[in-house]
Amino acid sequence: MKTKVNQMQEQTIPDRLKISPFLVFYLIMSMQIGIGVLGYQRVIAKDAGYDAWISILFAGGCIHVIIWMIYKIAETVDGDFVTAHKYLTGNLIGKTISSIFIGYFFLYVLAIARTFIEVIQVWMFPELSTFWFSFGFMILCTYIIFGGFRTVVGIAFFGLVLPAYLLLTFGWAIKFSNFYNLLPIWDHSVKELLIGSYNMSLTFIGFEIILFIYPFIKEPKKSKKWAHLAVLTTTLIYTILAVITFAYYSEDLLAKQIWPTLTMWKIVEMPFVERFEYIGIANWNLIMLPNVCIAIWISSRLIKRIFNIRQKIGVFFVVSALLLVINFINTREKISMVNDYFGKIGFGFTFIYIPLLFVAIMIAKRVKKKVKKK
């Protein structure tokens, strides 16, 4: 009886801890716009060529369908991801399945944090210590997370709004661009375009957080339009940036660029700054902050929900594990391997597992209705 009471108390989130529906827009966009923006153009152009902008639009369209499924799952079980698994398989098995996703968000932080440190080491400070930078960054993240979920959301808001001016800087590349590079349109097969969409998975990942934060949204049904608007905005930003990149680089030149977005910043000329890419990378630190904070918060929240451990202890556990592991990823090959693995896992979770979970939840709902009628 006590266990049931504890579970009910855990699920009941006070209104003072919840966020307004419109803030879902900033949460999703801050998760989707991360380290992948700096180099996704080369990756998607490998197979789809300069028709890859079509792949971005297709991937964005698919995400809208997944968002609809996520809300259906959350509304049906009236809870989060852990509740969905309990609804489907029971308490013990549900918690066991949910615990796997602690590792999912751990890997998410590991991939983006280590890639960002590599950018700093290559472009700015070659001798920068991976451990000590991570240590300082994680202290900041821990401080923010300890402020509560609303504080994390506030960082997501500022991490999106304050660096938004960076979008204007890509206008410098337009005057050096040749948009005839994109012609002829649809010069690749459907299979190649689908592979291009698949390669966007690492860049687009982040929208699935709705499954984990759903109980923290006031009037969650009103947040649907903001979630879809966030995905639409992100899709348009990625498409426009890809088109500018394809017009700026030839295909052969783009294939040699690891971070084409950063390279485009080299042509930005201002009276008060000579190397604008340094400004861009420094600003990207603010963009990365909500990515890491939200992922660690979700990991620690899962630890609390599954193992009934205080969330602050869960934060310390996740951060300590990250600091322990991140130092061993010390070469470009290892960083690429982590990104590739996470891209595949993220694709599997968002585009395969969530639809399967949706179907299973809908079937379970019908079965339970029939049982109640009998």
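Pairs from the list LYS218/LYS344; LYS72/LYS368; LYS344/LYS368; LYS95/LYS225; LYS72/LYS191 with a Cα-Cα gap above 27 Å: LYS218/LYS344; LYS344/LYS368; LYS95/LYS225; LYS72/LYS191. Within the assembled protein chains, the solvent-accessible surface assigned to SER197 is about 20 Å², based on a 1.4 Å probe. So, in Å, what gap is there between the alpha-carbon centers of region 337-374 and region 215-230? Taking the Cα centre of region 215-230 as reference, the centre of region 337-374 is 20 Å away.
Would you mind telling me the share, in percent, of accessible area of region 213-368 contributed by carbon and sulfur at probe 1.4 angstrom? Please report the intermediate quantities before stating the final value.
On the way: 4840 of 7390 Å².
C and S fraction of accessible area: 66 percent.
Measuring with a 1.4 angstrom probe and ignoring ligands and nucleic acids, MET362 comes out at about 50 Å² accessible. For the options LEU302, LEU229, LEU253, a Gaussian network treatment of the chain with springs between C-alpha atoms closer than 10 Å singles out LEU253 as fluctuating the most. Probing with 1.4 Å while keeping every protein chain in the model, the per residue accessible area of region 137-281 equals 49 Å². Scanning residues 5 or more positions from ILE217 or on other chains, those with amide H under 5 Å from its amide H are ILE19, with H placed 1.01 Å from N in the peptide plane.
Within the chain, which is the longest segment that contains none of the GluC sites (Glu not before Pro) sitting in a DSSP loop with at most 13 other Cβ atoms within 10 Å?
Numbers: sites that count: GLU127, GLU269, GLU274.
Counting only loop sites that pass the neighbour cut-off, the longest clear stretch is 128-268.
Taking the longest Cα principal axis of the chain as reference, the axis of helix 149-161 is set at about 20 degrees. The ALA364 and LYS221 beta-carbon pair, evaluated with R₀ = 22 Å, returns a calculated FRET efficiency of approximately 0.55.
If the viscosity is 1.306 mPa s and the temperature 10 °C, what Stokes-Einstein diffusion coefficient in µm²/s follows for region 134-209 when Rh is the Kirkwood radius over Cα pairs?
On the way: Rh = 16.9 Å.
In µm²/s, the coefficient rounds to 94.
Distance from the Cα centroid of region 189-206 to that of region 111-183 is 22 Å (rounded to whole angstrom). Measuring nothing but how far apart in sequence close Cα pairs (under 8 Å, 6+ apart) lie, relative to its length, region 67-155 scores a relative contact order of 11 percent.
Could you provide, to the nearest whole Å², the per residue accessible area of region 39-136 with probe 1.4 Å?
Working: 3600 Å² over 98 residues.
Accessible area per residue, region 39-136: 37 Å².
Be a star and scan region 99-124 for residues whose amide nitrogen sits under 15 Å from the point 7 Å along the Cα-to-Cβ vector of TRP132. Once the point is set 7 Å along Cα→Cβ of TRP132, 121 turn out to lie under 15 Å by backbone N, inside region 99-124. Roughly how far apart, in whole Å, are the Cα centres of region 250-303 and region 42-93? Cα centroid to Cα centroid, the span is 25 Å. Rounded to the nearest 10 degrees, the inclination of helix 332-347 to the longest alpha-carbon principal axis of the chain is 50 degrees.
How big is the dipole moment of the chain about its Cα centre under a simple scheme where the beta carbon of each Lys and Arg is +1, that of each Asp and Glu is -1, and everything else is neutral? Debye, nearest 20, please. Intermediate results must be reported in sequence, preceding the final value.
On the way: 37 positive and 20 negative charges, 519 e Å.
That gives the chain a dipole magnitude of about 2500 debye.
Does anyone have the angle between helix 130-146 and the longest principal axis of the chain? Alpha-carbon axes, 0 to 90°, nearest 10? Relative to the chain, helix 130-146 is tipped by roughly 40 degrees. Measuring with a 1.4 angstrom probe and ignoring ligands and nucleic acids, LEU194 comes out at about 80 Å² accessible. For region 242-338, the set of trypsin sites (Lys or Arg not before Pro) satisfying both a DSSP loop assignment and a count of at most 14 other C-beta atoms within 10 Å is given as LYS256, ARG275, ARG310.
For the chain, the relative contact order works out to 38 percent when only alpha carbon pairs closer than 8 Å and six or more residues apart are counted.
Could you point to the residue in MET69, ILE44, VAL109 farthest towards the positive end of region 43-117's charge dipole, with +1 and -1 charges on the Cβ of Lys/Arg and Asp/Glu respectively? Value: VAL109.
The values are calculated or read from the model by the stated rules, or taken from the named source; none is laboratory data. This one's a predicted model, so the numbers in the text were calculated from it and none came from an experiment. Don't worry about glycine lacking a Cβ; one is built from the backbone with ideal geometry, like all the others, and counts go over all protein chains shown. The area values use the complete protein model at the heavy-atom level, side chains included, leaving out ligands, DNA and RNA. Shrake-Rupley method; radii C 1.70, N 1.55, O 1.52, S 1.80 Å.
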